[in-house]
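This report refers to the structure that appears directly beneath it.
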Amino acid sequence: MENQHLNSNSSQIEYEYRRKRNAEEMRHQVISFAISIFLTLVAFGAVYAGFDKWFVIPVILLLAAVQVIFQLYYFMHMNQKGHEAPQLFIYGGVIIGFATIVCFLTIVWW
């Protein structure tokens, strides 16, 4: 009888913990989504304002990089434990892609 009471209390505590964790995760996703929308509006605003293309292009690329980070870490849950292997492959692909671009740019320029 006493064991059932302990299991019931334990499941209630686990339920409250999961509920709190899910609420916190949802809050992070909503904040990340709002920031992504804001960054998109900033990019559109920079183009609409008629700034010089040498200013607009780097700003848009920087905002795109920030949005990719938000996408990976919050929407694809890369900030949670257990995602080390996908992180390894994604970062490895980014490094290889960057090295390839630098290689080709070097070959073309020189």
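The values are calculated or read from the model by the stated rules, or taken from the named source; none is laboratory data. Remember, predicted model here, so these are calculated numbers, not experimental data. Using ideal geometry, Cβ is built from the backbone for each residue, glycine included, and neighbour counts are taken over all protein chains shown.
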State whether one or more residues within the range 87-110 are outside any helix (DSSP H, G or I), of a type outside the set (A, V, I, L, M) and modelled with pLDDT under 85. yes
Looking only at the range 9-48, how many residues end up being of a type in the set (Ser, Thr, Tyr), surrounded by 11 or more Cβ atoms within 10 Å (Cβ to Cβ) and either more than 13 Å from the chain's Cα centre (by Cα) or outside the structural domain of Tyr73 (by TED's automatic domain parsing) (or both)? 1
Being small (Gly, Ala, Ser) and part of a helix (DSSP H, G or I) is the filter here; which residues of the range 58-86 pass it? Ala64, Ala65, Ala85
